[in-house]
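Q: Before anything else, here's the structure in question.
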Amino acid sequence: MPAITDRAIVLRLSDYSETSQIATIFTRAHGLVRLIAKGVKRSTSKRVNVGLDLLEGGEIAFVPSKAAAMLGVLTEWRQLTTFSGLRTALSRLYAGLYAAELTSLLNEEYDPHAELFEELEELLRDLDAQQPVEPALASFQLALLGAIGYAPMLEHCIICGHTPRSEPVYFSARAGGVLCRDCEMHQIEKVRMDRRLVGRLAEGRSLTPELSHALRDVLDYQISQILGRRPVVAASLEIALRATGR
Amino acid sequence: MSDVRLTGPLQRLIEELRRLPGVGPRSAERIAFHLLKTGRDEALMLASTISDIKEKVRPCARCFNLAEAELCHICSDPRRNQSQVVVVEQPKDLINLEATGLIAGVYHVLMGHISPLEGIEPAHLTIDALVDRVRAGGIDEIVLATNPTLEGDATALHITSVLHETGVPVTRLARGLAPGSSIEYANRAMLEEAFRGRRKY
């Protein structure tokens, strides 16, 4: 089978042997792929110009797997960027890893999402360029949820369609959006959310840092509900954001 | 495959050898038959050496390098500069750095690196012991020799932030092109680091 070439971002690496690794890579035109990268840790490797690292972007050549449970084979990797600005603060680095974890958990293999690839690349570029972490991450999380068919309704009540005018306001992952005080009693699974966030989003206005954080809380909750657990990087990210700024 | 039954101890040895890194079924069989053929003393010497490393080798109480006593041979060497501490991820890195003969200081072995995706957090490493060591005084420089990977850099960033309050200078190993490598095969990050870190020739 001829090798496929594509643009790609490395999401996850695990050692397979002394010199080989298993890589989870998000490609632009072929979606998520899991590949064996033979001899990738060897300094004399000519297929890969010196190692593979997490969250680096590049051009890939690979032979896809023949069956669902099998690994494809990485045949070439040319690094184009490491988004080196991520490595200047733990909050940026963990935000990048959090996006990588969500992308690998919420996408199916060989299910392409070119727009989502662009969104991930934009997030990493924003983090690299020292843009505020939470608005950039929230924007990526919304794009991810949209790409997999879970886009939340955050501007109006998901049941009655009205913009909530009074407290309390809730969010339900199962219902897929905001619940106003008149509709919330029909839903058992729900979490309280900031009404100002709904108002801002309904008016299409930009979010303050405080509301960006509130939006991320809602999206994190929805993602945890979809996965049935909290992503593993979430706790480290929260600690880093508190310590080094959002 | 035909149903070839080996004697119990031999089969068990092959199975144990197969669990070693880089040893496949054919290699495991070759090693097992070699041990069967070899003299009793030689085989028992190997068994006793394996037993010794499990019973006698332990982490150094100060730096977590491999040691046979409370302190490793580096920490207990009075000729070493105790005020310079080189921080590495694992004992294998220490052995490699030590082989250069350039390091007069001592080490601190983290026993891994921070890996949020694998659930490895700072508390799983020996970072608290490093901070205690620095706070105890007598250290003038911390040299971070973690791997130049994203996770190595995460570990270095975390250590830098927790040591900030101590005021002890923290340095990092230089990066860039490896001697014997070729610019043709160097990646962009290596070339960037090499150019930024260029020195007067």
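Q: Among A:135, A:163, A:9, whose Cα projects farthest towards the positive end of the dipole of the protein assembly as shown, with charges put on the beta-carbon of Lys, Arg (+1) and Asp, Glu (-1)?
A: Sorting the options by dipole projection puts first A:9.
Q: Let me ask something else about it. With all protein chains present, how much of the accessible area of region A:114-243 (probe radius 1.4 Å) comes from carbon and sulfur, to the nearest whole percent? Don't jump to the answer; show the numbers that get you there.
A: Working: 3100 of 6320 Å².
After summing per-atom areas, the C and S share lands at 49 percent.
Q: On C-alpha positions alone, give me the angle between the axis of helix B:40-56 and the longest principal axis of chain B, in degrees, nearest 10.
A: 40
Q: When chain B is treated as a GNM, springs tying every alpha-carbon pair under 10 Å, which of B:114, B:95, B:183 comes out with the largest mean-square fluctuation?
A: B:183
Q: Right, here's the next one. Would you calculate the separation in nanometres between label points at residue B:77 and residue B:20, each defined as 7 Å from the Cα along the Cα-to-beta-carbon direction?
A: 2.9
Q: Which value in deg cm²/dmol, rounded to the nearest 500, describes the helix-derived mean residue ellipticity at 222 nm for chain A, given -39,500 (n - 2.57) per DSSP H run of n ≥ 4 and division by the residue count? Before the final figure, lay out each step's value.
A: Working: 6 runs with 87 residues, N = 246.
Computed mean residue ellipticity for chain A: -11500 deg cm²/dmol.
Q: To continue, here is another question. Semi-axes of the equivalent ellipsoid of region A:45-197: what are they in whole Å, largest first, if each equals the square root of 5 times a C-alpha gyration tensor eigenvalue? Each step should come with its number before you reach the end.
A: Details: eigenvalues 288, 78, 23 Å².
Square roots of five times the eigenvalues give 38, 20, 11 Å.
Q: Work out the charge dipole of the protein assembly as shown with +1 on the Cβ of Lys and Arg and -1 on the Cβ of Asp and Glu about the Cα centre, then indicate which of A:240, A:153, B:169 is farthest towards its positive end.
A: Of the options given, the answer is B:169.
Q: What average count of beta carbons from other chains do you get within 10 Å of the Cβ of residues in B:104-117? Write out the running numbers ahead of the final one.
A: Working: counts 0, 0, 0, 0, 0, 0, 0, 0, 0, 0, 4, 7, 15, 15.
What the average comes to for B:104-117 is 3.
Q: GNM on chain A, C-alpha springs below 10 Å: top fluctuator among A:30, A:162, A:186?
A: Top of the fluctuation ranking is A:186.
Q: Over region A:4-82, with every protein chain in place, what whole percent of the accessible area is carbon and sulfur at 1.4 Å, could you tell me? Working shown, then result.
A: Working: 1740 of 3430 Å².
It is 51 percent, rounded to a whole number.
Q: Quick one: which of A:38/B:92; A:41/B:92; B:37/B:92; A:66/B:92; A:41/B:37 span more than 27 angstrom between C-alpha atoms? List each step's numbers first, then the result.
A: Working: A:38/B:92 22 Å; A:41/B:92 15 Å; B:37/B:92 32 Å; A:66/B:92 38 Å; A:41/B:37 36 Å.
Beyond 27 Å: B:37/B:92; A:66/B:92; A:41/B:37.
Q: Using a/c under 1.5 as the rounded threshold, could you call region B:1-146 rounded, prolate or oblate? The axes a ≥ b ≥ c are square roots of the C-alpha gyration tensor eigenvalues, and prolate needs a/b larger than b/c, oblate otherwise. Walk me through the numbers before you get to the answer.
A: Details: a/c = 3.11, a/b = 2.09, b/c = 1.49.
It is prolate, given that a/c is not under 1.5 and a/b is the larger ratio.
Q: Note down the magnitude of the dipole of the protein assembly as shown about its Cα centre, charges +1 on Lys and Arg C-beta and -1 on Asp and Glu C-beta and zero elsewhere, to the nearest 20 debye.
A: Values: 52 positive and 56 negative charges, 149 e Å.
Magnitude of the dipole: close to 720 debye.
Q: A further question follows. State, as an integer percentage, the relative contact order of chain B based on alpha-carbon contacts under 8 Å between residues 6 or more apart. Display every interim value, and only then the final one.
A: Numbers: 216 pairs, mean separation 26.0, N = 201.
Relative contact order of chain B: 13 percent.
Q: Using a Förster distance of 41 Å, how high is the FRET efficiency between residue A:115 and residue B:164, based on the Cβ-Cβ distance and rounded to 0.05?
A: Numbers: r = 40 Å, r/R0 = 0.99.
FRET efficiency, residue A:115 to residue B:164: 0.50.
Q: Most mobile of A:235, A:214, A:68 per a Gaussian network model of chain A (Cα springs, under 10 Å)?
A: Result: A:68 has the largest fluctuation of those listed.
Q: Further question: Based on the alpha-carbon gyration tensor of the protein assembly as shown, what equivalent-ellipsoid semi-axes (square roots of 5 times the eigenvalues) come out, in whole Å, largest first? Present the calculation step by step, with values, prior to reporting the outcome.
A: Numbers: eigenvalues 403, 177, 112 Å².
Semi-axis lengths for the protein assembly as shown are 45, 30, 24 Å.
Q: Next question, about the same structure. Which residues of region B:119-133 bury at least 20 Å² of accessible area once all protein chains are present, versus their chain alone (1.4 Å probe)?
A: By number: B:121.
Q: What does the buried accessible surface come to for B and A, summed over both chains, with the probe at 1.4 Å? Round to 100 Å². Don't skip to the end; give the middle numbers.
A: Numbers: alone 14310 and 12090 Å², together 24290 Å².
Roughly 2100 Å² of accessible surface disappears when B and A pair.
Q: For chain A, find the longest principal axis of its Cα atoms and tell me its angle to the long axis of helix A:209-227, 0 to 90°, nearest 10.
A: Approximately 70 degrees, to the nearest 10.
The values are calculated or read from the model by the stated rules, or taken from the named source; none is laboratory data. Source: prediction; values computed, not measured. Glycine also receives a Cβ, built like all others from the backbone with ideal geometry; neighbour counts cover every protein chain displayed. We work out accessible area using only protein heavy atoms, side chains counted, and drop any ligands, DNA or RNA first. Shrake-Rupley method; radii C 1.70, N 1.55, O 1.52, S 1.80 Å.
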